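The values are calculated or read from the model by the stated rules, or taken from the named source; none is laboratory data. As the structure is a prediction and not an experimental result, all values here were calculated from the model. All Cβ positions, glycine included, derive from the backbone under ideal geometry; neighbour counts span all protein chains shown. Please note that ligands, DNA and RNA were not included when accessible areas were found on the heavy atoms of the full protein model with its side chains. Shrake-Rupley method; radii C 1.70, N 1.55, O 1.52, S 1.80 Å.
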Number of protein chains: 4
Amino acid sequence: MSPVSQPPASRPRARDLGVRIGLMPTGATNSIVDVADVSVGHRTIWRDEPGPPSGRGTARTGVTAIVPFRSAELFARRVPAGAAVLNGAGEAIGITTIQEWGVIESPIMLTSSMAIGRVYDAVIAGLVERIPRVGIDDALLPVVAECDDGVLNASRVVQVDAGDVDAAIDGAVGSVRGAPDLGVVGAGTGMVCFELKGGIGTASRVVRPLGRDGSAPGRAADEYRVGILALTNFGWLERLTIDGVRVGQALVDDGWPVAGGGTAEADVHVTPRERGSCVVVVATDAPLLPHQLERLARRAGLGLARTGSTAGHGSGEIFLAFSTGYRIERDPPAATTVTTHVTDSYLDRFFMAAVEATEEAVIDALFVADTVTGRDGFVVPGLPVDRTLGLLRAAGRLA
Amino acid sequence: MSPVSQPPASRPRARDLGVRIGLMPTGATNSIVDVADVSVGHRTIWRDEPGPPSGRGTARTGVTAIVPFRSAELFARRVPAGAAVLNGAGEAIGITTIQEWGVIESPIMLTSSMAIGRVYDAVIAGLVERIPRVGIDDALLPVVAECDDGVLNASRVVQVDAGDVDAAIDGAVGSVRGAPDLGVVGAGTGMVCFELKGGIGTASRVVRPLGRDGSAPGRAADEYRVGILALTNFGWLERLTIDGVRVGQALVDDGWPVAGGGTAEADVHVTPRERGSCVVVVATDAPLLPHQLERLARRAGLGLARTGSTAGHGSGEIFLAFSTGYRIERDPPAATTVTTHVTDSYLDRFFMAAVEATEEAVIDALFVADTVTGRDGFVVPGLPVDRTLGLLRAAGRLA
Amino acid sequence: MSPVSQPPASRPRARDLGVRIGLMPTGATNSIVDVADVSVGHRTIWRDEPGPPSGRGTARTGVTAIVPFRSAELFARRVPAGAAVLNGAGEAIGITTIQEWGVIESPIMLTSSMAIGRVYDAVIAGLVERIPRVGIDDALLPVVAECDDGVLNASRVVQVDAGDVDAAIDGAVGSVRGAPDLGVVGAGTGMVCFELKGGIGTASRVVRPLGRDGSAPGRAADEYRVGILALTNFGWLERLTIDGVRVGQALVDDGWPVAGGGTAEADVHVTPRERGSCVVVVATDAPLLPHQLERLARRAGLGLARTGSTAGHGSGEIFLAFSTGYRIERDPPAATTVTTHVTDSYLDRFFMAAVEATEEAVIDALFVADTVTGRDGFVVPGLPVDRTLGLLRAAGRLA
Amino acid sequence: MSPVSQPPASRPRARDLGVRIGLMPTGATNSIVDVADVSVGHRTIWRDEPGPPSGRGTARTGVTAIVPFRSAELFARRVPAGAAVLNGAGEAIGITTIQEWGVIESPIMLTSSMAIGRVYDAVIAGLVERIPRVGIDDALLPVVAECDDGVLNASRVVQVDAGDVDAAIDGAVGSVRGAPDLGVVGAGTGMVCFELKGGIGTASRVVRPLGRDGSAPGRAADEYRVGILALTNFGWLERLTIDGVRVGQALVDDGWPVAGGGTAEADVHVTPRERGSCVVVVATDAPLLPHQLERLARRAGLGLARTGSTAGHGSGEIFLAFSTGYRIERDPPAATTVTTHVTDSYLDRFFMAAVEATEEAVIDALFVADTVTGRDGFVVPGLPVDRTLGLLRAAGRLA
């Protein structure tokens, strides 16, 4: 492998190629940053060094930060949140507090499984500096979720450093620059999805709440956004379903995986079929209560199912949802609080949006992520886009 | 057994004898009906007939209804609710909806384990008559919880009839008549607690919310009530702890259980040591969100622990909490709702109240419930009150 | 409506028309009774009487019993079980005990929402007669789950009687007669799915466990079955997806629902878009531990997602799984038990089977269930099969 | 404060002073290491440096490792585990996997809240070195739980270093040296419990399983141990209950807290009343299945309740249980596994043991932990032992 290798550039997004998943309209950038006050930052870590002790080996990993509002003020003014687990062979540090208190008070960090400790440590170090009350009034418990990129990434060496974490958080930007970088980037750098190159995918939907009689309220103000960011690292190729089309089975029939390989030793059983996971972050600017956000998070699993997930035994499908529609103060001034929130019986369109956008975010990650060669010469091919588009077209599924 | 046997009259309540459990002030009646808009009704079923086919056998059972507001309007204007399970060897029909939606839309009914179907059926019949929209707009799913009174009650025959259910609901009264009837009454008629006669117990606490710095807000209006009604049917005698005093162990040392007995066949292994359960209903007039109510319900288990519960394998410790502090409309007029609720960081005193009042409610049930002879001549003795008071006095625990 | 109306006969099953959902082989009857020692019985209740007080109105409902082994011996020799809830706007009486103890000790009954009390009561009455120890040693807590058939069925009158329950249980048969009756039958009689006629659907898969390296163990004995029975009563037409093809959207584009109607009063808002639910029963003859069965049950939701479910706010997606691979004795002879169970890392194919077979069971229900006219003249049309097959063929999805 | 300050030596344990909590016999050392194959190691971090930038400030913290078998072989041969949360305002990294898979595959680490990332990172580094397959076959997800010691410890600086983590793990010893060090040691160094000095407490019970008729099986081999290690950092003084005696209320009546203080600035609201948490680790050598261990873990909360816990809003009561009675292989050789486990209906004595031993472990921590002066001169006094013994004696509660 050449020492000057670089992460592949992002390929076109699925929707730009005519793929139309779901029935609801997307937001302006069809990404999580369509949700007001949400920004995303990545730090990609890509190195081709010899292994220890002379170097750190082949790094194909990174860090992604999803930041509601601004990282340094979240501790004092938290966002409502909820979490759900479909299959829990993974971890999101902070999930217990999210489930109990229904708040998130730090950026949501995504990274490689064995790097979550270091990322947690770096978030602490960075925020202690900026927030004088951390550790005086209360401890800060950052949220750090993981998928295992050990197929491509030399994960025995924790490749992430504190500076990478700061860079991801500080580099987070909202919708002014369009959708965030996608695919082989940040925490997605080394991820494998349906035995193809996966990584970061995103999508969004515009939601007008709908009552249970099917009628929507009339006011224009009642329009919200649901945005998804997915770290995709799961699935068996033969089950890959793109907008209902059995693309995976067709690829297997074609003889895929055509690539694979690497050194002889690496090749043999280097990879269990379902080693991966999928962390889905659901954001909305609708004012949802924590328990409503938990219910919203739960719907992410339905989106995964539509792409072919069967939530493998070894997979960590962990879903975190938050709202930027209101804040929950750390030191509230009064014993009672007045909250405006979406009426329960108007939740259905939000659920639909979460399902649709999760499905699209996973598929999007596959479209944009190109082939990556990683540790020990192991190659994970990108989705063959032309073949895929041909299959979709044959099934009448291209716009 | 005499055919003219009757349920024993209630004995004095624990607090009236000087027992002082916990640190917080009680409400006016020290019962669940101290909570605004809560009423309680019982129907005691006590029969001494021959068994089938000529009669229904020995009935020592009943129905208890806890009614927020009025039963016929709950369907349209529901109360927020939450549920928690400490050990789930039991059932509360409706718990799944409470956990998902966080509402209760019917009276909460308590009865014998194998009677919950009939009680459900009777609640349906009664409310369909009074609520024209039931079954047109939506099904009604009543809440019916159970403990097993099969030690004293001939439970193989379902002893409850529809008329009993109507009587319990229609007879429900609030605080105007003081605390509800207690002990060997309603669903409590046949229950056994710490191998002594148990049944219905209750207690309440007045709560002034407290911030996390220990300071309370200044306004007099910020005063709420937490009320407990417990259906007590659990526990091993040697673990019975009354206000910290090991009364159960002392009774065992005294040679208890002195009674027991019945026919030879019934006596042998008629009763597993932990056959029972404990359903705790937690009510408050504080405006708590569903998730806050779920957290409040969870604290009931801590109160049980203080009486000596170890949550036996065969026990159903199921806790249901609701608030009368606001209503959740079935057909809300708008896509958003404004709710005033207690601020999370002011919840601690509510939790304390639930723990204290649950502990007291269980102990109260033991004090008031006198000896009952049931099916097959089986006798469950009431707590020996004088001996107990002596033990408490010796430990410095009587007021 | 004619007083001689009858339930429509079952139409051909999806697979018999060339629909091939999923990748795994089906069992002999492609139904839940392919699982050893499982039988299914239905009692369909179909009446066209005037409403109360002169009659019981229009009955379009029933009872379905899924019976592991034989109903009268389950109390003593229970089957391992697990449960999962995707959206809990519904109830399965007994779910709390299933979650705590991991056993089922009665037939699993399905019926109309407001009839679950009466069905519970009838199961108690029937089994008390056959099992002398019920109520002596322990209470029996039957399992009764529901969906709301109030759109077609006059559900304000509980239409089920005790005799119907006995008939469903006593009529249960295993695979000797092939797949059980499907569609507009038993509890499925009045159900509505994707705004089309739904009801009972089923499917099965043959499973050879697979290790995480993708290799299967070599012994022929290692072959198991996973069977699904679904009571389908959920969904929005425009989201109906059949084997990946957007049939629902095409039907909406065609102008569907073409039918509907009924009297003027009934027509207006008689039906919220998502009033329904979906109860899925998962059976396997593989020896799975209770927690493994809970995980298996959870996968049913992924199958629903593939058909277009977004788990609506008003829907009760409740999943119950059990194994006939071993028994759990009520009165075990020793303090330790030896159990043979499927190794965790070999679970993936079971999960896949549950996802696939759930998807197919829902679709199967739509294919077999013909149009039904119910209360107040309300009509729910059956899936237009020819149009559907045309759409599948166009997408290359017919075998 | 003197720069040569040292952690106070452990004071006598409660039982050695005649305190007798619960009814069951203790193991040989009355500690978690009575459980076969369990060892415990601590690293206490105690520094009195100036704050940053010239030093790291006042360290009153540390790391505790609970090690089943040996740390380097747990990855391949895991122990069955379960987890429960009473109030989730805290975190145990790894809890999601424990709940899903029911295994623990690393030492269980306890430390200060904001140090869990660094401890995780150090466990990874240490074990990668010793286990060649970590990161090749699978990621390793260590278990790291926390309480917040920020009242005494300058927690804004993460005081733990990788070497401390190695030292705690490498120094772990079993019962050969008696009970582990207790009180102001390891992760317990800076903890505060009932506004008194808390820290590490432990206790154990010997369990002979008991059937539900109260009879035990006859074989001597059926004897197991349940051991508790608690990191105690919760509670309001006035609720402190020691073996049923209201010691806390008596101390408040005495004018406690007599100490407190520190610099003027620190003194004012430096500490919310309930900032703390309680992590309880439950170990047993009985072969319990994961779901049984989850149920066992849940009982720890009942033990806390008996000491006066009301599970405050801000508290993280997180309970982790594991068994050394059998192993769960990472790469099992066959699709089925044969497991011997305790029969469900024989669990009650295990539950009782967990309740009793948790209660005693908390009280033990208070007895052994002497006064500590920490950051900004803040003083947390040790339980006044003589006064406490006097109160217990007066209540007849001293052996």
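At least 1 residues being of a type in the set (Asp, Glu) is the threshold, and among the strands (runs of 3 or more DSSP E) wholly inside the range C:33-140 those reaching it are C:38-48. Filtered by the rule that a residue be assigned to a strand (DSSP E or B) and in contact with a helix residue (DSSP H, G or I) (Cβ under 6 Å, 6 or more places away or on another chain), the range A:222-253 gives A:Arg225, A:Val226, A:Gly227, A:Ile228, A:Leu229, A:Ala230, A:Leu231, A:Thr232, A:Ile242, A:Val245. In the set D:Ala154, D:Ala139, D:Ala162, only one residue is without any contact (Cβ under 8 Å) to a residue 12 or more places away in the chain, in contact with a helix residue (DSSP H, G or I) (Cβ under 8 Å, 6 or more places away or on another chain), open to solvent by 10 Å² or more (accessible area, probe 1.4 Å) and within 11 Å of another protein chain (Cβ to nearest Cβ); that residue is D:Ala139. Candidates D:Val245, D:Val268: the one that is modelled with pLDDT under 95, open to solvent by 10 Å² or more (accessible area, probe 1.4 Å) and hydrophobic (A, V, I, L, M, F, W, C) is D:Val268.
The residues of the range B:232-245 that are free of Cβ contacts under 8 Å to residues at least 60 places away in the same chain and at the interface with chain D (Cβ under 8 Å from one of its Cβ atoms) amount to a single one, B:Glu238. For B:Val134, state whether it is surrounded by fewer than 24 Cβ atoms within 10 Å (Cβ to Cβ), facing chain C (nearest Cβ under 7 Å) and touching a residue at least 24 places away in the same chain (Cβ under 8 Å). The answer is yes for B:Val134.
Conditions (1) over 21 Å from the mean Cα position of the chain (by Cα); (2) at pLDDT 95 or above; (3) open to solvent by 20 Å² or more (accessible area, probe 1.4 Å), marked per residue:
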site: A:Ala220; (1), (2), (3): yes, no, yes
site: A:Glu223; (1), (2), (3): yes, no, yes
site: A:Thr232; (1), (2), (3): no, yes, no
site: A:Arg239; (1), (2), (3): no, yes, yes
site: A:Val279; (1), (2), (3): no, yes, no
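Within the range D:90-108, residues that are at the interface with another protein chain (Cβ under 7 Å from one of its Cβ atoms) reach partners that are of a type in the set (Phe, Trp, Tyr) with beta carbons closer than 6 Å, at six or more positions or on different chains, in the pairs D:Ile93/D:Tyr120. Of the set (1) of a type in the set (A, V, I, L, M, F, W, C); (2) part of a loop (DSSP other than H, G, I, E, B); (3) open to solvent by less than 30 Å² (accessible area, probe 1.4 Å), all apply to D:Ala179 but (3). Quick one: how many residues across the range D:376-399 are over 18 Å from D:Leu251 (Cβ atoms), in contact with a Lys or Arg (Cβ under 7 Å, 6 or more places away or on another chain) and part of a helix (DSSP H, G or I)? Matching residues across the range D:376-399 total 0. Condition check: closer than 28 Å to B:Glu329 by Cβ and within 19 Å of the chain's Cα centre (by Cα). Does B:Gly88 satisfy that? Taking the combined requirement at face value, the residue does not satisfy it. Applying the set (1) surrounded by fewer than 24 Cβ atoms within 10 Å (Cβ to Cβ); (2) in a strand (DSSP E or B) to A:Met24 leaves exactly one unmet item: (2). Condition check for D:Glu129 on (1) over 27 Å from D:Ala305 (Cβ atoms); (2) at pLDDT 95 or above: one failure, at (2).
Here A:Asp121 fits the description: within 8 Å of chain D (Cβ to nearest Cβ) and open to solvent by 10 Å² or more (accessible area, probe 1.4 Å).
Just name the residue that is farthest from the chain's Cα centre (by Cα) out of those in the range B:45-74 that are within 12 Å of chain C (Cβ to nearest Cβ) and open to solvent by less than 10 Å² (accessible area, probe 1.4 Å). Checking each candidate, the answer is B:Gly57. Taken over the range A:182-204, the criterion of being open to solvent by less than 10 Å² (accessible area, probe 1.4 Å) and part of a strand (DSSP E or B) is satisfied by A:Gly183, A:Cys193, A:Leu196, A:Lys197, A:Gly199, A:Ile200, A:Gly201, A:Thr202, A:Ala203, A:Ser204. Residue-level check: of (1) among the charged types (D, E, K, R); (2) under 29 Å from D:Gly82 (Cβ atoms); (3) open to solvent by 10 Å² or more (accessible area, probe 1.4 Å), A:Glu91 misses just (3). Among the residues that make up the range B:301-322, is at least one of them in a helix (DSSP H, G or I), within 30 Å of B:Leu196 (Cα to Cα), open to solvent by 10 Å² or more (accessible area, probe 1.4 Å) and within 13 Å of chain D (Cβ to nearest Cβ)? Yes, the range B:301-322 has at least one match. When you check B:Leu398 against the structure, is it open to solvent by less than 10 Å² (accessible area, probe 1.4 Å) and more than 24 Å from the chain's Cα centre (by Cα), yes or no? Taking the combined requirement at face value, the residue does not satisfy it. Taking the criterion of being farther than 20 Å from D:Val165 by Cβ, of a type in the set (D, E, K, R), open to solvent by 10 Å² or more (accessible area, probe 1.4 Å) and in contact with a helix residue (DSSP H, G or I) (Cβ under 8 Å, 6 or more places away or on another chain), would at least one residue in the range D:34-44 satisfy it? Yes, the range D:34-44 has at least one match. Do we find a residue being open to solvent by less than 20 Å² (accessible area, probe 1.4 Å) and hydroxyl-bearing (Ser, Thr, Tyr) anywhere in the range D:101-111? Yes, some residue in the range D:101-111 is open to solvent by less than 20 Å² (accessible area, probe 1.4 Å) and hydroxyl-bearing (Ser, Thr, Tyr).
So, B:Val144, is that one more than 30 Å from B:Gly248 (Cα to Cα) and in a strand (DSSP E or B) or not? Taking the combined requirement at face value, the residue satisfies it.
Yes/no per residue for (1) out of contact with any strand residue (DSSP E or B) (no Cβ under 7 Å at 6 or more places or on another chain); (2) at pLDDT below 95; (3) open to solvent by 20 Å² or more (accessible area, probe 1.4 Å):
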residue: D:Thr336; (1), (2), (3): no, yes, yes
residue: D:Phe350; (1), (2), (3): no, no, no
residue: D:Ala353; (1), (2), (3): no, no, no
residue: D:Leu366; (1), (2), (3): no, no, no
residue: D:Thr373; (1), (2), (3): no, no, yes
residue: D:Gly382; (1), (2), (3): no, no, no
residue: D:Gly390; (1), (2), (3): yes, no, yes
residue: D:Ala394; (1), (2), (3): yes, no, yes
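Residues that are under 26 Å from B:Thr29 (Cα atoms) and within 14 Å of chain A (Cβ to nearest Cβ) within the range B:323-375 comprise B:Ser323, B:Gly325, B:Tyr326, B:Arg327, B:His341, B:Val342, B:Tyr346, B:Leu347, B:Asp348, B:Arg349, B:Phe350, B:Phe351, listed in sequence order.
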